[in-house]
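Structure, as structure tokens:
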Amino acid sequence: MKDETLLLIKYRIERSKESLNAAKVLLDSDNLYSAINRVYYGMFYAVNALLLTKNLSSAKHSGVMSLFFKEFINSGLIDKELGRLYSDIFDLRMKYDYKIPAKITKEDVHNWLIKAGNFIEIVTDLTFKIIDHDNNEAK
């Protein structure tokens, strides 16, 4: 793997964690809709990092999701439940960013944040396993 790709992967993972931390701050200050946005972006950046392990990317959010499902969910590398979670959070973000939002509760956002944290951890672990595997094969 190229050094610049590895740096970009690490940067995306940092952004993922930063977005999740921002979501916690926003949740604590009752900015629920903005917190959902940051929850989604935390997941999105983690997925982008994972896609880079296969030299894949997309300029569109729907393209990122499609590649993620094709390469990692449908292949069984990541559980289908996590794919559904990513899709659900994407839908929530779209709904709350672009449509007249329904009421949400702090508890709902807190639960999504916890699930997103688990998602990010699993995706990040797989990302580094793939990198380690590729590095070991290159030796």
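The values are calculated or read from the model by the stated rules, or taken from the named source; none is laboratory data. If you're wondering where the values come from, they're calculated on a predicted model, not measured in any experiment. FYI the Cβ positions are ideal-geometry reconstructions off the backbone, even for glycines, and counts take in every protein chain you see. Calculation scope for accessible area: heavy atoms of the full protein, side chains included, ligands and nucleic acids excluded. Shrake-Rupley method; radii C 1.70, N 1.55, O 1.52, S 1.80 Å.
Of all positions in region 74-90, at least one carries a residue that is touching a Ser or Thr at 6+ places or on another chain (Cβ under 9 Å) and either hydroxyl-bearing (Ser, Thr, Tyr) or within 21 Å of residue 113 (Cα to Cα) (or both).
Filtered by the rule that a residue be surrounded by 12 or more Cβ atoms within 10 Å (Cβ to Cβ) and of a type in the set (Ser, Thr, Tyr), region 50-86 gives 53, 57, 58, 66, 86.
Evaluated against (1) over 16 Å from residue 45 (Cα atoms); (2) touching a His at 6+ places or on another chain (Cβ under 8 Å), residue 90 falls short on exactly one condition, (1). Within region 87-111, being of a type in the set (Lys, Arg) and loosely packed, with under 13 Cβ neighbours inside 10 Å holds for 99, 103, 106. For residue 131, only one of the following conditions fails: (1) under 23 Å from residue 74 (Cα atoms); (2) out of contact with any Ser or Thr (no Cβ under 9 Å at 6 or more places or on another chain). What is its number? Failing condition for residue 131: (2). When residue 53 is tested against the conditions (1) under 22 Å from residue 128 (Cα atoms); (2) of a type outside the set (Gly, Ala, Ser); (3) free of Cβ contacts under 8 Å to residues at least 24 places away in the same chain, the lone failure is (3).
The set of residues in region 112-139 being open to solvent by 60 Å² or more (accessible area, probe 1.4 Å), modelled with pLDDT of 95 or more and not acidic (Asp, Glu) consists of 114, 115, 118, 122, 128, 129. When residues in region 16-30 are screened for being open to solvent by 60 Å² or more (accessible area, probe 1.4 Å) and either among the charged types (D, E, K, R) or touching a helix residue (DSSP H, G or I) at 6+ places or on another chain (Cβ under 6 Å) (or both), 5 of them pass.
Check region 31-46 and report whether any residue there is closer than 18 Å to residue 117 by Cα, open to solvent by 80 Å² or more (accessible area, probe 1.4 Å) and not polar (S, T, N, Q). Scanning region 31-46, I find at least one residue that is closer than 18 Å to residue 117 by Cα, open to solvent by 80 Å² or more (accessible area, probe 1.4 Å) and not polar (S, T, N, Q), so the answer is yes.
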